[in-house]
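Visitor: What follows is a structure written as structure tokens; I'll ask about it next.
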């Protein structure tokens with residue numbers, strides 16, 4: 001099978017990715033600093049916003065080996081981050097009803113805290129999903145050939161009750177560990193609908209929309225150009241798929257990353273370190289979107305991780321996507337390529353991911369975007385070409401001063417930076 005090709009790394013693309021991660025890291029530190037110095041009543045209130053669950057009973061004992069020691073210091077750390085979108089009564093674009101996840105990333109922090117690798121697993125990858133405990137006490141059937149993002153909905157078993165997120169997360173962790181043979185030390189589930197409250201707490205976020213949008217399914221109607229999205233519009237923009245760009249899930253991931261960057265830029269522009277009320281509202285909204293593993297449920301420990309990650313140089317933070325190729329049985333699906341084993345070996349051994357195993361795309365996000373299928377779980381859409389696939393066209397030009405952001409011809413920048 002041909003391996004998905006990607007375009008070369010560009011300097012400006014690296015800068016955009018670094019800015020995004022810098023914004024995220026600084027925002028985490030801002031929240032951590034506020035919480036660590038807040039009055040006890042405020043600390044207790046914010047701590048109560050964070051939902052903590054244990055999945056030990058779901059994962060069982062048949063897992064990759066655990067690291068020595070229980071403290072985060074002095075050892076590598078793997079955190080599985082999942083995006084959850086629970087829509088009670090709705091059948092969404094992958095054919096499932098209610099709770100599902102379209103985003104899964106392994107965040108690997110090296111033991112010496114000099115490097116961070118973020119490895120995305122494409123939702124349309126065909127994998128083995130093991131049998132998983134379900135909310136009603138029964139167990140799902142194991143599947144040797146299932147789409148990756150089905151693991152989350154399989155664990156939830158149709159439930160949209162937030163207390164059942166642990167089953168969805170647990171089944172996804174079991175699937176990731178089966179795929180990678182890398183132990184997930186901690187996990188974090190981000191409620192997709194929480195974007196709405198976060199955006200509203202900031203009074204909206206400026207975004208550059210590179211095409212007119214008229215999407216009834218996402219309840220989204222926007223005109224090309226700079227605009228300030230309210231919470232509902234931001235949520236619709238993050239969810240929209242087929243009405244924007246090439247209709248692929250990968251292109252949606254890129255828009256979601258730009259939205260997150262815009263949220264973080266807006267939060268920082270409000271000088272939240274000196275505006276206690278605004279910081280509290282934003283921290284309250286952000287923490288309310290999270291369901292985390294037991295050890296991450298203590299804000300002081302979460303802050304400890306954020307502080308240690310802040311010391312990592314921006315040149316040592318890497319976004320990559322699991323290397324994939326066209327699936328043998330379904331051209332609308334993906335399969336892990338041989339190079340994926342190199343990525344997992346690097347994480348297990350706490351070594352840098354070999355550059356020859358993955359390559360960064362021109363937009364600085366996902367190195368395996370060229371062959372992501374454009375349909376949902378039904379497998380009826382047209383496959384995207386693989387092999388020497390040209391890079392997707394750049395977004396429509398942003399306002400005139402956007403050119404000052406480009407360090408090399410044709411490099412991709414985030415146009416939303418011009419909409420302030």
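Read the figures in this text as sums done on the coordinates, not as results from a lab. Computed from a prediction, not measured in an experiment: that's the story for all the values here. Glycine gets a Cβ as well: all are built from the backbone with ideal geometry, and neighbour counts include every protein chain shown.
Visitor: For segment 74-218, what does the alpha-carbon gyration tensor say about shape, rounded, prolate or oblate, given a ≥ b ≥ c as the root eigenvalues, a/c under 1.5 as rounded, and a/b over b/c as prolate?
Guide: oblate
Visitor: What is the extension gain from residue 63 to residue 246, computed as 0.36 nm multiplied by their sequence separation minus the C-alpha to C-alpha distance, in nm to one decimal?
Guide: Working: separation 183, 0.36 × 183 = 65.88 nm, distance 3.86 nm.
Going from the current span to full extension adds 62.0 nm.
Visitor: If I take every Cα pair under 8 Å that is 6 or more residues apart in segment 194-288, average their sequence separation and divide by the length, what percent do I get for the relative contact order? The partial results should precede the final answer.
Guide: Details: 121 pairs, mean separation 29.8, N = 95.
That works out to 31 percent.
Visitor: For q = 0.12, 0.19, 0.29 Å⁻¹, what log10 I(q)/I(0) does segment 107-166 give under the Debye formula with an equal point scatterer on each alpha carbon and no solvent?
Guide: Results for segment 107-166 at q = 0.12, 0.19, 0.29 Å⁻¹ read -0.43, -0.78, -1.12.
Visitor: Which semi-axis lengths, in whole Å and largest first, follow from the square roots of five times the eigenvalues of the Cα gyration tensor of segment 194-288? Walk me through the numbers on the way to the answer.
Guide: Details: eigenvalues 131, 30, 26 Å².
Here the semi-axes work out to 26, 12, 11 Å.
Visitor: Shifting gears a bit: When N is the residue count of segment 264-332, what does its C-alpha Rg come to as a fraction of 2.2 N^0.38 Å? Walk me through the numbers on the way to the answer.
Guide: On the way: Rg = 18.3 Å, N = 69, 2.2 N^0.38 = 11.0 Å.
Taking N as the residue count of segment 264-332, the ratio is 1.67.
Visitor: Based on the Cβ-Cβ distance from residue 48 to residue 355, what FRET efficiency comes out when R0 is 51 Å, to the nearest 0.05?
Guide: Numbers: r = 44 Å, r/R0 = 0.87.
After rounding to 0.05, the efficiency reads 0.70.
Visitor: Starting with the fewest neighbours, write out 84, 243 ranked by other beta-carbon atoms found within 10 Å of each beta-carbon. Kindly include the intermediate steps, with their values, before the conclusion.
Guide: Details: 84 24, 243 15.
Going from sparsest to densest Cβ surroundings: 243, 84.
Visitor: Compute the Rg/Rh shape ratio of segment 132-245: radius of gyration over Kirkwood radius, all on alpha-carbon atoms.
Guide: On the way: Rg = 18.0 Å, Rh = 16.6 Å.
Rg/Rh for segment 132-245 comes to 1.09.
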